[in-house]
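In what follows, a single structure is set out as C-alpha cells and then discussed.
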Amino acid sequence: MAKVLMKGNEAMALAAIKGGCDAFFGYPITPQNEIPEYLSYHMEENNRIFVQAESEVAAINMVYGAAGSGARVLTSSSSPGIALKQEGISYIVGSELPCVIINVMRGGPGLGGIQPSQGDYNQITRGGGNGDYHLIAFAPETLQETVDVVKESFDLADYYRNPVMIAVDGLIGQMMEPVDMDKEIPQKDLPAKTWAATGESGKRGSRNKIVSLHLDPYDLEKHNLKLKEKYDKMVENEQRYEMISIEDAEVVIVAYGSMARIARSAVKALREEGVKVGIIRPITIWPFPEKAFENLPESVHTLLTLEMSLGQMHQDVKIVNQGRYNLAFYGRAGGVVPETDEIIEQVRKYVGGNK
Amino acid sequence: MKTQTVYKPTDGLVKRDLSYCPGCTHGVIHKLVGEVLEEKGLLDTGVGVASVGCSVMSYEFFNCDMQQAAHGRAPAVATGIKRVRPESTVFTYQGDGDLASIGMAEIVHAAHRGENITVIFVNNAIYGMTGGQMAPTTLIDQKTSTSPRGRKQKDAGLPLRMSELLATVPGATYLERVSVHDPKHIRKAKKALEKAFEVQTQKQGFSMIEFVSTCPVNWGMTPQDSLEWAVDNLIPYYPLGVYKDATKGDDNG
Ligand SMILES: Cc1ncc(C[n+]2csc(CCOP(=O)(O)OP(=O)(O)O)c2C)c(N)n1
Ligand code: SF4
Ligand SMILES: [Mg+2]
C-alpha cells in the first residue's frame, strides 16, 4: 500500500481505529493532544465512542467499564497522566480486562517538562499500581513500527485479557514520517467475550460479574497464580527485539525508541571507521527481551545501555547479565535528546576493551 | 379456597444472605432496588456498578450483570459501560464516603455530562465499612472514630448536601432524597426509584435517588434508635423531596 506522510500522534490515532477500537476515553495533556483531537473527529464518523473525561482517573475508569462490557478500548496520555491512571490499570489487570494505553512520555518527576523522555520505564515495567501485575509494553522506534504495534495491541490485549501499553517518547509523537497505514499485521484467533458484563443476562441465561475483589487470601493467591501463568506466557512468547550489527561487535549498545534511532546513526558512522559496535534494541520493554542476550558472539566485552533517563532500563540489563560483560551506562534526562556525536564519544571509551 | 400470593422475595436479588449488619437499612434499599428492577423488567438488561463501602459485595446480590468499581469511581465506570452499551440499564450503588468524598469529581461530571445512568446514593453520614470515620456528610457534633469530640465546623466544615449540590448542575435530570425509616416512606422511596429508572429507560439522562440511611453499628445504637436518630437529626439537615425534575424538559437545556 501507498505510504502517507503523517504526524506520530495522528498516525497512532488512525491506527487505533484501524485496529478496531470501539471507544476512546482521555484527558488532554502535552505531548499527546493530537491523539484525542484526531479521535474526537474521526471516532464519531466511524460510529464509535469518544469521551473527554474530567480527569485521567475518570478516563481509565471509563476504560475499565467499557472494557468490562466487552468493547475494544483505548486511552492515551503522557507521564503525569499515566501516573494518575495506575489505580485503574491495577483494577483492569486484576479483573482480567483488555485495553490499550498509549503513553507519549515526557520529562519528570512531578510536572517535569514537555520534552521527550524515557523516564517512565520503571513506572511502566514495574507497575505504579498496587499488587503483582504486569502489562505488555511496546517501545517502538519508527512511526511504521508504532502504527503496526498499535493495531496489533488490540488483538494482543484481547488474547491475554490484559492491558497493553505503547510507550513512545514525545519525539515519535510529534515527528512526521511516511507510513503505510494498511500494512498486514499478525492476527489472533480470538474467542467470543462470553465473560463480559454486557447487560444481556436475560439473553445469556446467566449473569456476569467483573470483579478484582477476593476476600479469602487463598482464593486471592489462586487468582494471583493464575495471573502469573499469563505473565509467564507473555515472557515466553512476547519478547521482541532487534539485533543490529552484532555478529563481530565488541561493544553492544542497548537502547530503545528514539534513543535507538540515534544509536543507529552513531553505529553507522563508527562502522564506517571500522569500529565494531552493534545494537540490541528492545521492542518490548516488558517482557524485557532477555533472549536477546543469550547467544552474543565471543567478541562482545561491553554492553553500553543508552537511555533518555538515568539508568532505569540499565537495571534490567544488569539483572540479565550479572557477572558477565562490562556493563556501562550513558543517559540524558529532563527532555534533553543526546546528539549522535555524544554517543560516538561514549562508544569510543569502551573500544579496545580494557576499561 | 383460592391462594393468592401477597408477598414473595424479589428475583431482583440473588437468593443468598446479605453481608449487612442486622437492622442496617442497606438491606431495605437493596430489596427496593431489586424489586424495581424486577417489576420493570430491567434485570435482563441491567448492569450494576458496585462501589467501595459496606455495599462492595453488592455485585453478589443484585441479580443482573455487575461490575465492581474502585473507591469513588463508579459513575466513571458506569459512563464507560453505558456509552458502549446504550441499550443496557446501568446503575451505581454508592455510599456517602464513596460518592461525596473521594468520588466527588466523578459524580459531578457524570451528572454534568447528563450520562443516562441511575445512581443509588446511600447516605448514612459515616464511613461504615472502615469502622465509622467521619464523612463529608457527618453532622455537626456527631461523634465518629475520627471526630471523637464531635464534628466541628472550624476543622471539618459543614456537612455536604449532595442532592442540593447536584441540583445546581445543569446536566442532571432527576434528583430526589428519600428515607426508609417506616413503611410509608419505604413505599415513597420505591416510587422514586421507579421514576429514576424510567428517566433512564426513556433516555432522559442522569438520575439519582439519595437514601437517608442508618449505620446502627458505627452510630452505636440499636436499629430502632438509629431510625429515630435519622428522623430527628438527619432528615432535618437532609430534607426529603425532589430536588430536580427536568423530565418535562424545562431545565434540560
Ligand atoms: C482508594 C481507597 N481508599 C480508601 C479505601 C478504604 N475504604 C473502604 S470503604 C471506605 C468508606 C466507605 O464509606 P461509604 O462510602 O460511606 O460507605 P458505607 O460503608 O458507609 O456504606 C473507605 C475509605 C479504599 N478501599 N480505597
Ligand atoms: S457497618 Fe453500618 S453501614 Fe455497614 S453494614 Fe454495618 S450497619 Fe450497615
Ligand atoms: Mg457511609
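Provide a single number: the residues in segment A:266-292 that are under 13 Å from A:A249 (Cα atoms), among the hydrophobic types (A, V, I, L, M, F, W, C) and assigned to a helix (DSSP H, G or I).
Matching residues across segment A:266-292 total 2.
Quick one: which residue in B:V52, B:V47, B:V90, B:V122 is within 13 Å of chain A (Cβ to nearest Cβ), within 16 Å of ligand 2 (Cβ to nearest atom), touching a helix residue (DSSP H, G or I) at 6+ places or on another chain (Cβ under 7 Å) and not in a helix (DSSP H, G or I)?
Exactly one of B:V52, B:V47, B:V90, B:V122 is within 13 Å of chain A (Cβ to nearest Cβ), within 16 Å of ligand 2 (Cβ to nearest atom), touching a helix residue (DSSP H, G or I) at 6+ places or on another chain (Cβ under 7 Å) and not in a helix (DSSP H, G or I), namely B:V52.
Is it true that B:A105 is over 22 Å from B:T10 (Cβ atoms), surrounded by fewer than 24 Cβ atoms within 10 Å (Cβ to Cβ), within 8 Å of chain A (Cβ to nearest Cβ) and within 14 Å of ligand 1 (Cβ to nearest atom)?
yes
For residues that are within 13 Å of chain A (Cβ to nearest Cβ) and small (G, A, S), scanning just segment B:10-29, find the one that is nearest to ligand 3 (Cβ to nearest atom).
So the residue we want is B:S19.
Condition first: away from ligand 2 (no atom under 16 Å from the Cβ), part of a helix (DSSP H, G or I), under 18 Å from the mean Cα position of the chain (by Cα) and of a type outside the set (S, T, Y). Can you find one or more residues in segment B:154-162 that meet it? First the steps, then the outcome.
If we filter segment B:154-162 for residues that are away from ligand 2 (no atom under 16 Å from the Cβ), which is where we start, we get B:154-162.
Now restrict to residues that are part of a helix (DSSP H, G or I): B:154-156, B:162.
Cutting the leftovers down to under 18 Å from the mean Cα position of the chain (by Cα) gives us B:162.
Right, trim to of a type outside the set (S, T, Y) and you get B:162.
Looking for residues that are away from ligand 2 (no atom under 16 Å from the Cβ), part of a helix (DSSP H, G or I), under 18 Å from the mean Cα position of the chain (by Cα) and of a type outside the set (S, T, Y), one finds at least one in segment B:154-162, hence yes.
Considering every residue within segment B:110-122, establish whether at least one is in contact with a Phe, Trp or Tyr (Cβ under 8 Å, 6 or more places away or on another chain) and within 9 Å of ligand 3 (Cβ to nearest atom).
Taking every residue of segment B:110-122 in turn, at least one turns out to be in contact with a Phe, Trp or Tyr (Cβ under 8 Å, 6 or more places away or on another chain) and within 9 Å of ligand 3 (Cβ to nearest atom).
Would segment A:41-61 turn up any residue that is within 19 Å of the chain's Cα centre (by Cα) and under 18 Å from A:N162 (Cβ atoms)?
The answer is yes; a qualifying residue exists.
Please specify each residue of segment B:197-253 satisfying the condition of being within 15 Å of ligand 2 (Cβ to nearest atom), under 16 Å from the mean Cα position of the chain (by Cα) and either surrounded by fewer than 17 Cβ atoms within 10 Å (Cβ to Cβ) or within 14 Å of chain A (Cβ to nearest Cβ) (or both).
Correct list: empty.
Regarding B:L193, is this residue within 25 Å of A:E56 (Cβ to Cβ), part of a helix (DSSP H, G or I), of a type in the set (A, V, I, L, M) and within 16 Å of the chain's Cα centre (by Cα)?
no
Inspect segment B:63-70 for any residue being within 12 Å of ligand 1 (Cβ to nearest atom), surrounded by 24 or more Cβ atoms within 10 Å (Cβ to Cβ) and part of a helix (DSSP H, G or I) and give the result as yes or no.
no
From the list A:D189, A:D158, A:D216, A:D132, exactly one residue is free of Cβ contacts under 8 Å to residues at least 40 places away in the same chain and more than 14 Å from chain B (Cβ to nearest Cβ). Which is it?
A:D189
Search segment B:108-133 for residues being within 8 Å of ligand 1 (Cβ to nearest atom) and among the hydroxyl-bearing types (S, T, Y), and hand back the single one that is surrounded by the fewest Cβ atoms within 10 Å (Cβ to Cβ).
B:T130
Determine whether B:D17 is part of a loop (DSSP other than H, G, I, E, B) and touching a residue at least 12 places away in the same chain (Cβ under 8 Å).
Considered against the rule, which asks whether it is part of a loop (DSSP other than H, G, I, E, B) and touching a residue at least 12 places away in the same chain (Cβ under 8 Å), B:D17 comes out as no.
Per-residue answers, yes or no, for (1) at the interface with chain B (Cβ under 9 Å from one of its Cβ atoms); (2) touching a Lys or Arg at 6+ places or on another chain (Cβ under 7 Å):
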position	(1), (2)
A:M62	yes, no
A:G68	yes, no
A:S77	no, yes
A:A83	no, no
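Of the numbered conditions (1) more than 7 Å from chain A (Cβ to nearest Cβ); (2) surrounded by 24 or more Cβ atoms within 10 Å (Cβ to Cβ), B:A78 fails exactly one; give the number of that condition.
(1)
Taking into account only those residues within segment A:192-213 that are facing chain B (nearest Cβ under 9 Å), assigned to a loop (DSSP other than H, G, I, E, B) and in contact (Cβ under 8 Å) with a residue 24 or more places away in the chain, which is surrounded by the most Cβ atoms within 10 Å (Cβ to Cβ)?
Among residues in segment A:192-213 that are facing chain B (nearest Cβ under 9 Å), assigned to a loop (DSSP other than H, G, I, E, B) and in contact (Cβ under 8 Å) with a residue 24 or more places away in the chain, the one surrounded by the most Cβ atoms within 10 Å (Cβ to Cβ) is A:A197.
Could you tell me which numbered condition A:S245 fails, if it satisfies all but one of (1) in contact with a Gly (Cβ under 8 Å, 6 or more places away or on another chain); (2) free of Cβ contacts under 8 Å to residues at least 60 places away in the same chain; (3) not assigned by TED's automatic domain parsing to the domain that holds A:R332?
Of (1) in contact with a Gly (Cβ under 8 Å, 6 or more places away or on another chain); (2) free of Cβ contacts under 8 Å to residues at least 60 places away in the same chain; (3) not assigned by TED's automatic domain parsing to the domain that holds A:R332, only one is false for A:S245: (3).
When you scan segment B:83-90, do you find a residue that is within 16 Å of ligand 3 (Cβ to nearest atom) and of a type in the set (A, V, I, L, M), even just one?
The answer is no; no qualifying residue exists.
Can you confirm whether segment B:38-55 contains a residue that is of a type in the set (A, V, I, L, M) and more than 23 Å from A:C99 (Cβ to Cβ)?
Yes, some residue in segment B:38-55 is of a type in the set (A, V, I, L, M) and more than 23 Å from A:C99 (Cβ to Cβ).
Here are some residues: A:A71, A:A53, A:A83, A:A58. Which one is out of contact with any Asp or Glu (no Cβ under 7 Å at 6 or more places or on another chain) and either within 25 Å of B:F91 (Cβ to Cβ) or polar (S, T, N, Q) (or both)?
A:A53
The values are calculated or read from the model by the stated rules, or taken from the named source; none is laboratory data. Everything numeric in this text was worked out from a predicted model, so none of it was measured. Every residue, glycine among them, receives a Cβ derived from its backbone with ideal geometry; neighbour counts consider all protein chains shown.
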